[in-house]
Amino acid sequence: MSIKISGVGKRFGDFVALSDIDLDIPSGQLTALLGPSGGGKSTLLRIIAGLELSDAGTVEIEGTDATDLPAQKRNVGFVFQHYAAFRHMSVAANVGFGLKIRKRPKKEIAGKVDELLSLVHLSQFADRLPSQLSPEVSGSGWRSPEHWRSSRRCSCSTSRSAPSTRRCARSCGPGFAGSTTRCT
């Protein structure tokens, strides 16, 4: 699913959460939004999913203007940083839950769950309950950014205190475009 964000802006009173954001995510690309707390990551995701309205700009999904479409018509979802997993279900069952309630065939669900867990290197945790996961895994359902940078051989590094930290628009390996990084 391709997603294109053009000139998106969002304010909450005097606070500017997003200002003139442009982002192009081609179909089939795994993308991660990285940045400091309060940087607008969740706000942008909520706008893409249709859970929040932007003050400016457009959202295109698969080439169609979705800016004014309600959430239920966008076929978009996202995982919150502080996840809300079903405590009584395994990691695999949590991942496959959306497909199960859509009454997809069991074989299709199992294949998609295996694919997704493999994609994020969590296959070894498929049978565990959320309470059995380490903080690195259970904190957000994803491994730390440092893990992804090292596993992808990425040359960018997050730095909150370095004076060279800036908004980096170039891609730092698959899925790191637009992150707050020191570009090397």
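At a glance:
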{"quantity": "Exclusive hit being at positive phi, free of Cβ contacts under 8 Å to residues at least 24 places away in the same chain and not assigned by TED's automatic domain parsing to the domain that holds residue 8, set 103, 112, 107", "calculated": "103"}
{"quantity": "Restricting the stretch 23-39 to residues that are in contact with a strand residue (DSSP E or B) (Cβ under 6 Å, 6 or more places away or on another chain) and modelled with pLDDT of 90 or more, the residue that is nearest to residue 1 (Cα to Cα)", "calculated": "25"}
{"quantity": "Sole residue being at pLDDT 85 or above and farther than 26 Å from residue 52 by Cα, chosen from 99, 133, 117", "calculated": "117"}
{"quantity": "Residue among 44, 23, 34, 18 that is closer than 27 Å to residue 119 by Cα and in contact with a helix residue (DSSP H, G or I) (Cβ under 7 Å, 6 or more places away or on another chain)", "calculated": "34"}
{"quantity": "Test: residue in the stretch 65-83 that is touching a Phe, Trp or Tyr at 6+ places or on another chain (Cβ under 7 Å) and under 30 Å from residue 129 (Cα atoms)", "calculated": "no"}
{"quantity": "1 or more residues surrounded by 13 or more Cβ atoms within 10 Å (Cβ to Cβ) and touching an Asp or Glu at 6+ places or on another chain (Cβ under 6 Å): qualifying helices (runs of 4 or more DSSP H) within the stretch 8-122", "calculated": "41-49"}
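The values are calculated or read from the model by the stated rules, or taken from the named source; none is laboratory data. These numbers were taken from a predicted model, which means no experiment stands behind them. Every residue, glycine among them, receives a Cβ derived from its backbone with ideal geometry; neighbour counts consider all protein chains shown.
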